[in-house]
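The values are calculated or read from the model by the stated rules, or taken from the named source; none is laboratory data. All figures in this text were calculated on a predicted structure; none of them were measured in a lab. Methodologically, a virtual Cβ is constructed for each residue, glycine included, from the backbone with ideal geometry; neighbour enumeration extends over all protein chains shown.
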Amino acid sequence: MQRALIVALILLGALSRLVPHPWNASPLTAIALFGAAHLGRRWGLLVPLAAMILSDLFLGLHATIPFTWGGFLLVGLIGFWVQRHPSPVRILSASLLGSCVFFVVSNFGVWLIGDHLYPRTAQGLVDCFVAAIPFFRGTVIGDVGYTAVLFTLGYLLQGGREPIEQEAGSA
């Protein structure tokens, strides 16, 4: 069951970036949170990263990859906080925090090394973040919506039990 879940989440994440969708509304943050909460440390971090790598091979590699991939790894770390005591409030909080973390990390990367769109000054950093605000709405909507769907489905598929127990020797 765990192997099938890992493969399904990687494919869902990769495909979600390849098919038309609203700006920044993808399930990758939800996958990072859900994976960390359900799959343990190793797979919880590797699943969203694998989805990013697979889809970036098709979409094209770019200079800000360390920031986008790193942003999703940080979101995965937030998922470990959810794993300890999952609740609707904690899951929603993690989703919103994940949106903010990814926004800050990825846009910092755009400012720092992204095609020199903004001067490397404090004002340039502010301008970069301000220019990204319109995209943040889609991020939050996608993150909260997909997180609700994944965690609800996970809960229902487990018969109302807490996250998947770690198999002996995994993680």
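Among the residues of this structure, Ser16 counts as one that is closer than 27 Å to Ile133 by Cα, surrounded by 15 or more Cβ atoms within 10 Å (Cβ to Cβ) and either of a type outside the set (Val, Ile, Thr) or touching a Ser or Thr at 6+ places or on another chain (Cβ under 6 Å) (or both). Look at region 16-29: where a residue is within 17 Å of Val149 (Cα to Cα) and a partner is small (Gly, Ala, Ser) and assigned to a loop (DSSP other than H, G, I, E, B), sitting 6+ places away or on another chain with Cβ atoms under 6 Å, you get Ser16/Ser26. Leu5 meets each of the listed conditions (1) touching a His at 6+ places or on another chain (Cβ under 8 Å); (2) at pLDDT 85 or above apart from (2). Within region 51-65, the set of residues being in contact with a helix residue (DSSP H, G or I) (Cβ under 7 Å, 6 or more places away or on another chain) and in a helix (DSSP H, G or I) comprises Ala51, Met52, Leu54, Ser55, Asp56, Phe58, Leu59, Ile65.
Matching residues to (1) crowded, with 16+ Cβ neighbours inside 10 Å; (2) over 21 Å from Ala131 (Cβ atoms); (3) at pLDDT below 90:
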site: Pro27; (1), (2), (3): yes, yes, yes
site: Pro66; (1), (2), (3): no, no, no
site: Leu73; (1), (2), (3): yes, yes, no
site: Val82; (1), (2), (3): yes, yes, no
site: Ser87; (1), (2), (3): no, yes, no
site: Ser95; (1), (2), (3): yes, yes, no
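Residues considered: Leu33, Leu45. Of these, the only one that is modelled with pLDDT of 90 or more, within 22 Å of Leu153 (Cα to Cα), touching a Gly at 6+ places or on another chain (Cβ under 6 Å) and buried (at least 19 other Cβ atoms within 10 Å of the Cβ) is Leu33. Scanning region 26-50 for residues that are in contact with a Lys or Arg (Cβ under 9 Å, 6 or more places away or on another chain) and not in a helix (DSSP H, G or I) yields one hit, Ser26.
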